[in-house]
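Beneath this line is the structure, given in structure tokens, with notes to follow.
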Amino acid sequence: MSADLMAAPTTKAPAKPQPRLAPGVRLALLAVACVVVSIAYLTTGVEGDWAFALERRSTTLATMVIVGVAIAVSTVAFHAITANQILTPSIMGFDALYLLIQTLAIFVLGITGTVSLNALGRFGFEVVVMVGLSLLLFRWLLGGASRSLHLLVLVGIVIGGVFRSTSSFLQRLMDPTQFIVLQDRFFADFNSAPTQLIGIGAALVAIFTGLLWRSRHHLDVLSLGRDSAIGLGIDHRRAVLTTMVLITVLVAVSTALVGPTSFFGLLVAHLAYQTLGTSRHSFTIPAAAMAAVLCLVGGQLLFERLLGFEGSLSMVVEFIGGIVFIVLLIRRSRRT
């Protein structure tokens, strides 16, 4: 009997399939794809004055890169501190606050007054209001040691609902012409960002993305959950508060530059997770940023230059991102 047992074949656990390409190689391929798509966007279908066309397309390209990086990096960091990969920073009410500001501006100042506003002043005002209200919220809800990040998210959802209700009420009182003008600001517009804001937006996104990149190893630990992070020596409350401030600035800058993008961050973050097959933020942060650039620039190239559509790319991106959100909800409900 003992001899038979010794001779019996040993049952081994199935080996975990190894990725064919290392994450670093996949990052390099994503970088090459971003460069190729960017060159194709700048040069495809140019007729007549190349200098004028390149200048105009370069501005749009820079806008898409700035906004894509800001949204992607902030979403990946938000997933880490909430330990939840179906949320986006927009759930905190940033988009609703932006729409309320736009609605109030047109309701109070009218179309002529809103259009005549200085672009830099309006950008600065919107960023300061969004960041300022968020900091007040963080101080109120994360000020005590026993306060919960989930409570902060829930309060953000409620406040976002209040902002949307107020906007809807004011929109019903508007002149139809004013509402048509306001309607254009419901979706992100990558073609109309003022040139003087590109440099400022790029500097802000570079600074705050760099700060989040420095804390990438802390994000790896925070993504394990509050108890695990504290057990591994992380000052959880301080790390979460600092990360939330950085995320807030990135989301405020991108929203004030082009408008609301609710589900785009969710889409590119999960593209990065699926492409790399790792949760290490040393890889997922740059991968999500490059996936965002690839989606925006490639989508704009396909949408405008190859298919000749006149609509807004952001509507298509939001539609696909919404489908991704629903799929993630269904997959999570089946697991539970």
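Per-residue extension of 0.36 nm, minus the Cα-Cα distance of V35 and A22, leaves a gain of 2.6 nm for this segment. What label, among (1) 1.10; (2) 1.25; (3) 1.04, belongs to Rg/Rh (Cα atoms, Kirkwood Rh) computed from the structure on display? The value computed from this structure is option (3). In region 83-97, which residues have a backbone nitrogen under 14 Å from the label point lying 7 Å from I323's Cα in the Cα-to-Cβ direction? Backbone N within reach: none found. When all alpha carbon pairs of region 190-231 are counted in 10 Å bins from zero, the resulting P(r) reads 25, 29, 22, 18, 7 %. Other residues within the sphere of radius under 12 Å centred on the Cβ of I234, judged by their own Cβ, net out at 0 (K and R +1, D and E -1). What does the charge count around T63 come to, taking other residues whose C-beta lies under 15 Å from its C-beta (Lys +1, Arg +1, Asp -1, Glu -1)? Neighbourhood net charge equals -1. Across region 195-212, rounded Karplus estimates of 3J(HN,Hα) from the backbone phi angles (6.51 cos²θ - 1.76 cosθ + 1.60, θ = phi - 60°) give 4, 5, 8, 4, x, 5, x, 5, 5, 5, 5, 5, 5, 6, 5, x, 5, 5 Hz, Gly and Pro being marked x. Measuring nothing but alpha carbons in region 94-189 and taking Rh as the Kirkwood radius, the Rg to Rh ratio lands at 1.05.
Once the C-beta distance of H217 and Q171 is scaled by a Förster radius of 56 Å, the resulting FRET efficiency is 0.75 to the nearest 0.05. Between I330 and Q274, the simple label model (points 7 Å from Cα in the Cβ direction) yields a spacing of 1.3 nm. Under 11 Å from the Cβ of D49, count the other residues' Cβ atoms, weight Lys and Arg +1, Asp and Glu -1, and hand me the total. Cβ neighbours under 11 Å give a net charge of -1. Note on T112/R305: beta-carbon distance plugged into 1/(1 + (r/R0)^6) with R0 of 45 Å gives a FRET efficiency of 0.85. Helix 94-115 and the long axis of the chain differ in direction by around 10°, with both axes built from C-alpha atoms. Length available on full extension from Q196 to I180: 0.36 nm per residue minus the Cα-Cα distance, which gives 3.1 nm.
Bear in mind these aren't lab numbers, they're just calculated from the coordinates by the rules spelled out. Fair warning: this is a prediction, and the values are worked out from it, not measured in the lab. Reconstructed Cβ throughout: ideal geometry from the backbone, glycine too, with neighbour counts over all protein chains shown.
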